[in-house]
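Data block below; observations after.
Read the figures in this text as sums done on the coordinates, not as results from a lab. Small disclaimer: the values here were computed from a predicted structure and weren't measured. Reconstructed Cβ throughout: ideal geometry from the backbone, glycine too, with neighbour counts over all protein chains shown.
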Amino acid sequence: GDSVTQMEGPVTLSEEAFLTINCTYTATGYPSLFWYVQYPGEGLQLLLKATKADDKGSNKGFEATYRKETTSFHLEKGSVQVSDSAVYFCALNHQGAQKLVFGQGTRLTINP
Amino acid sequence: DAGVIQSPRHEVTEMGQEVTLRCKPISGHDYLFWYRQTMMRGLELLIYFNNNVPIDDSGMPEDRFSAKMPNASFSTLKIQPSEPRDSAVYFCASSPYSAHSYEQYFGPGTRLTVT
């Protein structure tokens, strides 16, 4: 079945560092891909998405490119801030249905 | 728009008691999802509805769990009897129909503690 694998956390970086969180997927067909973010004590919220191969999703300085050849959707940010500390989830849509398949989440901590 | 509303935000109960969690989806959304989040198991989809009809309940852990959606603006997740291993954060999410986007909007969650 469809699945999403994220890099293991936790990830700790200093402010202004470059961020990469790896995400690879296994899916039939052509899924849409998502990154969700969960701030402490809150629900998940959509960070960015890409609906077809080679699309780049971007928001709040974060970017991810849908790479069909490597089945990847890595999240990047050039200069992280303390306020980016959160748990990040990669997800894909299950083909033919509305439900999402989530990765296990990666906890990110940014130190000042 | 108020977003997805969940109540209560926190619930503490004793083992064996009945627990009811409530969710109000965003108006106009066709889909409603219930998730459970724990440190050990991560984020798990329990059940989801389309136009108030349950579509997939394969994630419901056992018969102690039940979910209903009597109308488009309200859903409940009930646990009876509750057990300590049910302690988790339960999220409700809703989604409009889309052929491509599949974006879900999450509520703030209900933190359940069963002692």
| FRET efficiency estimate (nearest 0.05) - Cβ-Cβ, residue B:97 to residue A:56, R0 22 angstrom | 0.30
| query | What is the Cα convex hull volume of chain B when expressed per residue in Å³? | reply | 98 Å³
| request: Would you work out which of B:23, B:40, B:66 lies farthest towards the positive end of the dipole of region B:9-68, given +1 charges on the beta-carbon of Lys and Arg and -1 on that of Asp and Glu, about the Cα centre? | output: B:23
| query | Looking only at other chains, what is the average number of their beta-carbon atoms within 10 angstrom of each beta-carbon in A:43-55? | reply | 3
| the protein assembly as shown - Debye-derived log10 I(q)/I(0), Cα point model, q = 0.08, 0.11, 0.17, 0.18 Å⁻¹ | -0.29, -0.56, -1.24, -1.34
| said: Could you tell me the ratio Rg/Rh of region A:1-43? Both radii from Cα atoms, Rh via Kirkwood. | reply: 1.04
| Using alpha carbons only: equivalent-ellipsoid semi-axes of region B:57-115, gyration tensor based, whole Å | 25, 14, 11
| request: Run the quick spin-label model on residue A:39 and residue B:52: label points 7 Å from Cα toward the beta carbon, then report their separation in nm to one decimal. | output: 3.5 nm
| field | Unit charges on C-beta of K, R, D, E only; dipole of region B:1-84, Debye | value | 200 debye
| query | Taking chain B as a Gaussian network, Cα atoms linked when under 10 Å apart, which of B:16, B:42, B:59 shows the biggest mean-square fluctuation? | reply | B:42
| note | Kirkwood Rh over alpha-carbon pairs of chain A plugged into Stokes-Einstein at 20 °C, 1.002 mPa s gives a D in µm²/s of 153 µm²/s
| field | Rounded to the nearest 20 debye, dipole of chain A from Cβ charges on Lys, Arg, Asp, Glu | value | 300 debye
